[in-house]
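The values are calculated or read from the model by the stated rules, or taken from the named source; none is laboratory data. As the structure is a computational prediction, the values presented were derived from the model and not from experiment. Heads up, the Cβs are rebuilt from the backbone with ideal geometry, glycines too, and the neighbour counts pull from every protein chain shown.
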Amino acid sequence: MNSVQVSVVIPVYNEEAVLPALFDRLYPALDALDRSYEVIFVNDGSRDRSAALLRKQFDKRPDVTRVVLFSGNFGQHMAILAGFERARGECLVTLDADLQNPPEEIGRLLAAMDEGHDYVGSIRRQRQDTAFRHWASKAMNLLRERITRIKMTDQGCMLRAYGRNVVNAINACRESNTYIPALAYTFADRPTEIVVEHEARAAGESKYSLYKLIRLNFDLVTGFSVLPLQLFSLFGIAISLLAFAFVAVLAVRRVLVGPEVEGVFTLFGIAFFLIGIALIGIGLLGEYVGRIYEQVRQRPRYMVQAVLEGDQVARTSHAATDSAEHPGSHVPPPLQ
Ligand code: UDP
Ligand code: MG
């Protein structure tokens, strides 16, 4: 397997509006780097013309372009993992397709890698997103910092570079729910961060609904820490002790003062409070148990429909334990 210096991995989901502009900026930026490179696009089951546009781009630059086509929507991080498993680069760079991460910044990430770092994170100089996203992500950053050992100033930016050692470790993981920048950080020997530019989405709209964002953040928190569970049991113990003392006081009063009707509502209040806590706890347990369930099933994490790449045919079986290929999967002939 002939390796290249840099592999750029880009997940694509319904990005037909922005892909032409991405191609126009990405390839010149990479050509200017004067390093051998490959771009791996992973189409995450787009329902628009993204796959066709990627095929066209593959025909245009088959020497440096590879395309993995998923047969459904498996999520941004699964798409990146599929790219990681196929990448031949000594160094990998991830990038969003929507041009929020300027491709011209890749050179600066690589310069930091040249200094001997094996993971280069990024901090968005001026984030170009809605105010809600801005504050929500600030809050999540803070929470993550408290409960995990992962040190990232800005966890949300996907413009990052990973060394081969880190990528191999990520590929060895069999996690079904994961957050790649955080996972990479846990494997990195000499991580660093640089400040990068951030632009507003060039076209199209965000693929993350509020629900998907919440799911992603749950992956981040529960994937890297069991502290929520532990905190919960500590809290549960404290509450039970208090409740026990309270019941004891009530029992004494029952003997000394006799039956009291007043205070029933206080009791209700306390009962509801405890029920609320119990429900949160069950939900939290569910999050972890759900992940265990997904993990033990060992289902393929994603399904590849086809792979377009230059010098060989459907060299995809090496990831067979991880991704399932369609029985008749083959590399389709380039479109004319
Ligand atoms: N994406 C994906 N699968 C998904 C959702 C998103 O591959 O299910 C890709 C999307 O095409 C883009 C990147 O992940 O390249 C980031 O998505 P987006 O820009 O919509 O997220 P935001 O910038 O709003 O956080
Ligand atoms: Mg975006």
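Structure values in brief
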quantity: When residues of the range 296-308 are limited to those that are within 13 Å of A82 (Cβ to Cβ) and part of a loop (DSSP other than H, G, I, E, B), the one modelled with the highest pLDDT; calculated: R301
quantity: The range 182-198 residues that are farther than 15 Å from D219 by Cα, paired with ones that are assigned to a helix (DSSP H, G or I) and hydroxyl-bearing (S, T, Y) (beta carbon under 7 Å, 6 or more apart); calculated: P191/Y185
quantity: Filtered residue count, the range 83-128, keeping only those that are within 18 Å of the chain's Cα centre (by Cα) and of a type in the set (D, E); calculated: 3
quantity: Residue within the range 67-74 that is over 19 Å from the mean Cα position of the chain (by Cα) and in contact (Cβ under 8 Å) with a residue 60 or more places away in the chain present; calculated: yes
quantity: Meets criteria (without any contact (Cβ under 8 Å) to a residue 60 or more places away in the chain, within 12 Å of ligand 1 (Cβ to nearest atom), closer than 30 Å to I214 by Cβ and buried (at least 23 other Cβ atoms within 10 Å of the Cβ)) for F41; calculated: yes
quantity: T266 being in a helix (DSSP H, G or I), surrounded by 14 or more Cβ atoms within 10 Å (Cβ to Cβ), hydroxyl-bearing (S, T, Y) and modelled with pLDDT under 85; calculated: no
quantity: Residue in the range 141-173 that is nearest to ligand 1 (Cβ to nearest atom), counting only those that are modelled with pLDDT of 90 or more and aliphatic (A, V, I, L, M); calculated: M158
quantity: Residues located in the range 40-59, provided they are among the basic types (K, R) and not in a loop (DSSP other than H, G, I, E, B); calculated: R55, K56
quantity: Candidates L220, L183, L213, L142, filtered to the one that is within 16 Å of ligand 2 (Cβ to nearest atom), out of contact with any Pro (no Cβ under 8 Å at 6 or more places or on another chain) and part of a helix (DSSP H, G or I); calculated: L213
quantity: The lone exception for N177 - which of (1) in contact (Cβ under 8 Å) with a residue 12 or more places away in the chain; (2) assigned to a helix (DSSP H, G or I); (3) farther than 21 Å from N101 by Cβ it fails; calculated: (2)
quantity: Extreme residue, nearest to ligand 1 (Cβ to nearest atom), among residues of the range 60-119 that are in a loop (DSSP other than H, G, I, E, B) and among the basic types (K, R); calculated: R61
quantity: Residues of the range 160-180 satisfying the condition of being crowded, with 16+ Cβ neighbours inside 10 Å and either out of contact with any helix residue (DSSP H, G or I) (no Cβ under 9 Å at 6 or more places or on another chain) or of a type in the set (F, W, Y) (or both); calculated: Y162, R164, Y179
quantity: Subset of the range 223-232 that is in contact (Cβ under 8 Å) with a residue 40 or more places away in the chain and assigned to a helix (DSSP H, G or I) - its residue that is nearest to ligand 1 (Cβ to nearest atom); calculated: G223
quantity: Close pairs (9 angstrom Cβ cut-off, 6 or more residues apart or separate chains): β-branched (V, I, T) in the range 279-292, assigned to a helix (DSSP H, G or I) and modelled with pLDDT under 85 anywhere; calculated: I280/F232
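So that you can scan it fast, the table gives a plain yes or no per residue for (1) among the acidic types (D, E); (2) closer than 20 Å to A203 by Cβ:
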residue: L54; (1), (2): no, yes
residue: R61; (1), (2): no, no
residue: Q76; (1), (2): no, yes
residue: D98; (1), (2): yes, yes
residue: R127; (1), (2): no, yes
residue: M140; (1), (2): no, no
